[in-house]
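The values are calculated or read from the model by the stated rules, or taken from the named source; none is laboratory data. This one's a predicted model, so the numbers in the text were calculated from it and none came from an experiment. Neighbour counts run over all protein chains shown; Cβ positions are idealised from the backbone, glycine included. Remember, those area values only see protein heavy atoms, side chains included, never the ligands or the DNA or RNA. Shrake-Rupley method; radii C 1.70, N 1.55, O 1.52, S 1.80 Å.
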Amino acid sequence: MTAADSKTQGSEIQYDMSKNEIKVAPNDGSYLLDGYELVCGLEVHVELNTNSKMFCGCSTIFGAEPNTQTCPVCLALPGALPTVNEKAIESTIKIGLALNCSIAPFSRFARKNYFYPDMPKNFQISQYDEPICVNGYVDVEIETDEGPKVFRIEVERVHMEEDTGKSLHVGGATGRIHGAEYSLLDYNRAGIPLVEIVTKIVPGTGKYAPEVAKAYVAELRDILRSLGVSDVKMEQGSLRCDANVSLRLIGSDVLGTRSETKNVNSLRSVERAIRGEMIRHAERLNNGERVVQETRHFQEDTGLTRSGRSKEQAEDYRYFPEPDLVPVAPDAAWIEQLRAALPERPSIHRKRLQEQWAVPDKEMSAMINADVLDVVEATVALGADPTKARGWWLGEISRIANEKDVAIKDLPIAASDVAEIVALVNTGDLTDKLARQVVEGVIAGEGKPAAVIAARGIKVVNDDSALMAAIERACAGQPETAQKVRDGHLPAAGALIGMVMKDTKGQADAAKVRSLLLAHLGQSEG
């Protein structure tokens, strides 16, 4: 196997020709970066949750029948004129303020001219050289080999625009236009208020660039959610990320050729897409090949990207000021009112929760990385102990999510279900073992906890006489083991307790069984 072969087969093996030896390399591909610096820039598109579209009164409700939420304005029929959605402007200003941006006293819309079949106008109303928000930043913290480290992501601009419609390619194996028999167009999404948040290039992240990008999008999502301006449902396209990746020689000011991975729609995919592109660029350069400037599409099943369309030549969108809309000039007093009403910053909120719950840094990071902090907080708000709430979400529920290879939030179990289960364990109506059965039942679609308990006949055996009968049967079945316990060898009690638990079909409280067993055999924990 050559060095080139080894790299293309997973990028986990490194061949040192000078020593004629093969070494296992980090599977993140970081060893390929020797001599290179990764440069990343992110464009995040956010659908605002206004009731009507950006420039007309059509509904924005997700999931309606195709082409039922359209009008002459969003279909660009002759003579139809747009008007700006005031709520969308307010939401965009809130976003800019939360991202530490300056709010422009004067901004205006422009026409971005290009042909796409799902753009009824054949141009998009956007903002070009005069965006509404500029020069902000977001700080994110990740774990590195040297411990926690904060990275500052500088935001170049936040601007308003309208979303496109949606193409559906019918026939073929991939659901994409290549190989499809025909295509359908749904214009319900055309004109949905959209905000684009564009970072400046993010240098200095090295091998941590994928983790930093994921942390940035996660922080951005949390900020947007706290502002109440979007539902930020990445799986529905309410928040999606374009990742620009390039490599440049360390010490050089010349940027390498970039690729743009479009419409990445999950936090996990953001990290995987950037890592995959980092490795792909490095492999090509190390093999003496050229990186092509192009758009690419991330493939969830493989974790790789595939080529989209070439962008070797700069595209001329022929921007010019939108003639049918007046400039946006928000009142300074209004901006300050919005600034004063901003909610607690998510990073500060997390630190406050960590102090209230007395959570170690490692467990707090685990909740953030697993994206369960919100649901743990909701579970605690319903009365669950913080330690037990996070134990269930990071333990049994996380295990099931890993088995199913889905995100925890995609499992059909709610904070109210977990809070109810925790309460039943606290009252002794469930043991931890039985509670796990209830969790499994809820996730399996058998209903709420009470329904699962009733259907499965789950019940804790608390009756002392029933437990003593089972203990006596266990001692009679293993008299030698019982005698060891009588003689003071307490570890032997485990086998007898196991027999009792089997006898009671796992519905006994193991701690209570142990206490009764030791007393029956003349011993005590002391």
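List the extent of the Cα atoms of the chain along each of their three principal axes, largest first, rounded to whole Å.
Ordered largest first, the chain gives principal extents of 92, 66, 51 Å.
Give the carbon-plus-sulfur fraction of the accessible surface of segment 368-507 in %, rounded to a whole number; probe 1.4 Å, heavy atoms of protein chains only. Provide the component values of the computation, followed by the final result.
On the way: 3660 of 6950 Å².
Taking all protein chains in place, segment 368-507 shows 53 percent carbon and sulfur surface.
If the viscosity is 1.567 mPa s and the temperature 4 °C, what Stokes-Einstein diffusion coefficient in µm²/s follows for segment 411-503 when Rh is the Kirkwood radius over Cα pairs? Please list the in-between numbers first.
Details: Rh = 15.1 Å.
Rounded to a whole number, D works out at 86 µm²/s.
Every cysteine in the chain with no other Cys Cβ under 4.7 Å from its Cβ, please list them in numeric order.
For the chain, the answer is Cys40, Cys56, Cys58, Cys71, Cys74, Cys241, Cys475, because their Cβ atoms have no other cysteine Cβ under 4.7 Å.
Return the carbon/sulfur percentage of the accessible area of segment 102-201, one whole number, probe 1.4 Å, all protein chains in place.
51
Measuring with a 1.4 Å probe in the full set of protein chains, what accessible area per residue, in whole Å², belongs to segment 31-117? Before the final figure, lay out each step's value.
On the way: 3820 Å² over 87 residues.
That works out to 44 Å² per residue.
Using Cα positions and a limit of under 16 Å, work out the lysines in reach of Lys121, with same-chain residues fewer than 8 apart set aside.
In chain and number order, the partners are Lys53, Lys112, Lys166.
Using alpha carbon coordinates only, what is the Rg to Rh ratio of segment 188-305, with Rh defined as the Kirkwood radius?
Result for segment 188-305 is an Rg/Rh of 1.00.
Where does each of 227-234, 387-394 land if you order them by average Cβ count within 10 Å, highest first?
Result, highest mean first: 387-394, 227-234.
Over what distance in Å are the Cα centres of segment 417-441 and segment 145-191 separated?
Segment 417-441 and segment 145-191 have Cα centres spaced 41 Å from each other.
Run the accessible area of segment 240-343 with a 1.4 Å probe and give the carbon-and-sulfur part as a rounded percent. Walk me through the numbers on the way to the answer.
On the way: 2780 of 5590 Å².
Whole-percent figure for carbon plus sulfur exposure: 50.
Just how much of Glu130 is accessible, in Å², when a 1.4 Å probe is used and the result is rounded to the nearest 10?
Counting only protein heavy atoms, the figure is 50 Å².
Enter the accessible area per residue of segment 357-483 (Å², integer; probe 1.4 Å; all protein chains in place). Numbers along the way, then the final one.
On the way: 6230 Å² over 127 residues.
So segment 357-483 comes to 49 Å² accessible per residue, rounded to a whole number.
Over segment 150-229, with the other protein chains present, what is the accessible area per residue in square angstrom, probe 1.4 angstrom?
On a per-residue basis, 40 Å².
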